[in-house]
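Some notes on the structure that comes next.
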Amino acid sequence: MAKVLIIGGGGAGLVSALSAHEAGAEVVVMTKTLSTRSQTSMAQGGMNAVLGENDSVAIHIADTLKSSAGLGNEAQIAFMCENAPDAIRWCNTMGLPFSRDASGEIARRRLGGASAPRACYAQDYTGLKLLHTLYDQCLKAGITFMNERFLLNIIVDETTNRALGATCLNIPTGDVEEIRADAVIMATGGYGALYGKHSTNSVGSTGDGIAAAIRAGARLADLEFIQFHPTALKNSSILISESARGAGGFLLNAKHERFTDELGPRDVVARAIHDEIAAGGAVYLDIRHLGEEFIAHELPQERKLAQIYEGIDPVHDLIPIKPAAHYSMGGIEVNNECMTSVSGLFAVGECANHKTHGANRLGGNSLLELVVFGRHCGKSAAEFGEKRPVSALDNNQFSKDTRFIKEAMSFSNRIDFYEKQETLAETFYTNVGLVREDAGLQSVLDVIEQMQKELPLMGPKDKSKICNTNLVEFMEFGNKIELAEIIATCAIRRSESRGAHYRSDVPMRNDELFGTHTIIWREDSVVCVNFME
């Protein structure tokens, strides 16, 4: 029996866990926090699938390709879209409580960039209800969970370039642990928390898995493409789902005039809002005309969030909004079997780059991707591990990481890394946000270089061993700095505008030079970037 280690307990990790279990593997899920607190819970709008008339899989593929701005892989997109109806049936069979239309069929709504209403939803809690359903099924299957483990590194046999497992910090005990496995699946989510208060993501979305993957020798792809959701609450960046616009909500400028197609691709709508805020100071989402009964039934979470975080009731009031960092299109490069360039190391979900989203993700495709590719990844990893089990090879990663933790605890705390983290978030939102240009991007690299030099002066203030969240947050900050350098470097190298990557100094697409993916790897600790098909 193969042993499959899954790092990350969100939607992608749990789907992979169920799939690997069904394929006969012993499955262990290692999580930084509890599964039910993962970012999947914030995917509210729905999951795309062609289930009815006046739509087709071919149109779904075409919509996804168009949204990807020339960087989506048609074969991978076709695989996702063709398997979408079965993914919905699978979720329905597990007990995901989809909303229903008058005839009792699974209800669907149209999201931005879609030609038809194909996003299957559960009110405006789709991701949350999917996550809870998956977790229940994993518990029922007897899958082992190792919670409150912070990923340190992937254990790799450098001679064979083979993943052997992972090391982690047991947060409650403070001990470094080693977990060996025949196959490892990275399902750690994205890196939106790099933008701090300007992100819809939880504070835990720090890109730990992506940083560990490149340290292990895996290649990354397209990290400059970060989607800004058009409608986050103005003061808190809490997400207001696209379902609100899909249901007929309007976007109004400071003069209370509509100014764009509310259901255009997210990159287009987000920049239109950015420009209106720059010109007039404010933009609002208006759902008042939908009526209290409809809002209470179809959009209860959006109303509650607006009441709690903005102090307004969208039944009667306009909702003040702004764009905020939301989704990472880039990630760990994987092949058709979801395996990285390191043998035995797989990746799935937002931390992976399946080349289905390209330069801009189509609304409703994130939950679909994690279900379709999660099922595929779990099976692939189980089969790989069964055919190629690892032997008990000696490896010094455990001892290296044990020394690293001791060294990190010995760092001085002359500089407060929490303040530096806020500085990095503000710098990124200003210069690596919706609108970018070379000088600003270069200045970001200068800021990062200084932070890298000062890191030994920013150690954790708390020197205790037990439940040291200060140490965990320091290591998260280190991963943020590592990814920030890569993202800024990629954004500088891609001197064109495409999808979510908009350069004001080069505002046009360049298909001749940049109709390819940005591939990133490390050689002797140096970030290397090139464009490849």
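FYI, it's all coordinate maths here, none of it is from the lab. Being a predicted model, the structure only gives us computed values, none of them experimental. A quick note on method: Cβ atoms are made from the backbone with ideal geometry, for glycine too, and the neighbour counts reach across all protein chains shown.
Electrostatic tally near Leu362: other residues with Cβ closer than 9 Å to its Cβ, Lys and Arg +1, Asp and Glu -1, net +2.
Summing -39500 (n - 2.57) over the DSSP H runs of n ≥ 4 in the chain and dividing by its residue number, what mean residue ellipticity at 222 nm do you reach, to the nearest 500 deg cm²/dmol? So the helix-based figure for the chain works out to -12000 deg cm²/dmol. When the Cα positions of Ala382, Ser495, Gly433 are compared along the charge dipole of segment 379-533, Ala382 comes out farthest toward the positive end, with charges on each C-beta of Lys, Arg, Asp and Glu.
If contacts are Cα pairs under 8 angstrom and at least 6 residues apart, what is the relative contact order of segment 416-478 in percent? List each step's numbers first, then the result.
Numbers: 27 pairs, mean separation 21.5, N = 63.
It rounds to 34 percent for segment 416-478.
Among the cysteines of the chain, Cys81, Cys91, Cys120, Cys138, Cys168, Cys351, Cys467, Cys490, Cys528 have no other cysteine beta carbon within less than 4.7 Å of their own. Remark on Val29: its backbone amide H falls under 5 Å from those of Ile6, Thr144, Phe145, Met146, a criterion applied only to residues 5 or more positions apart or on other chains, H modelled at 1.01 Å from N. For segment 219-270, applying the loop criterion from DSSP together with a ceiling of 14 other beta carbons within 10 Å to the GluC sites (Glu not before Pro) yields Glu257.
Which helices, counted as full DSSP H runs in the chain, have an axial Cα extent of no less than 30 Å and a Kyte-Doolittle average of 0.5 or above? Walk me through the numbers before you get to the answer.
Details: long enough: 365-387 (32 Å, -0.03); 469-493 (36 Å, 0.56).
Those that pass (Cα extent of 30 Å or more, hydropathy at least 0.5) are 469-493.
Each Lys or Arg adds one and each Asp or Glu subtracts one; over the other residues with Cβ under 14 Å from the Cβ of Leu18, this totals 0.
Over 31 Å between C-alpha atoms is what I'm after, so list which of Lys32/Lys129; Lys197/Lys461; Lys129/Lys465; Lys32/Lys197; Lys66/Lys234 land there. Violating the 31 Å Cα-Cα cut-off are Lys129/Lys465.
Most simply put, the chain has about 70% antiparallel DSSP beta bridges, counting only bridges with both residues inside it.
For Asn395, no residue 5 or more places off, or on another chain, has a built amide H under 5 Å of its own. Scanning residues 5 or more positions from Gly174 or on other chains, those with amide H under 5 Å from its amide H are Cys467, with H placed 1.01 Å from N in the peptide plane. Dividing the mean sequence gap of close Cα pairs (under 8 Å, 6+ apart) by how many residues the chain holds gives a relative contact order of 21 percent.
Would you please name the trypsin sites (Lys or Arg not before Pro) within segment 395-463 that are DSSP coil residues with at most 10 other C-beta atoms within 10 Å of their C-beta?
Working: sites: Lys400, Arg403, Lys406, Arg414, Lys420, Arg436, Lys453, Lys461, Lys463; in loops: Arg414, Lys461, Lys463.
The qualifying sites are Arg414.
Do you know the relative contact order of segment 397-522, to the nearest whole percent, from alpha carbon pairs under 8 angstrom that are 6+ apart? Working shown, then result.
Details: 116 pairs, mean separation 36.8, N = 126.
The value is 29 percent.
Annotation note: trypsin sites (Lys or Arg not before Pro) in segment 301-384 located in DSSP loop regions with a Cβ neighbour count of at most 16 within 10 Å are absent.
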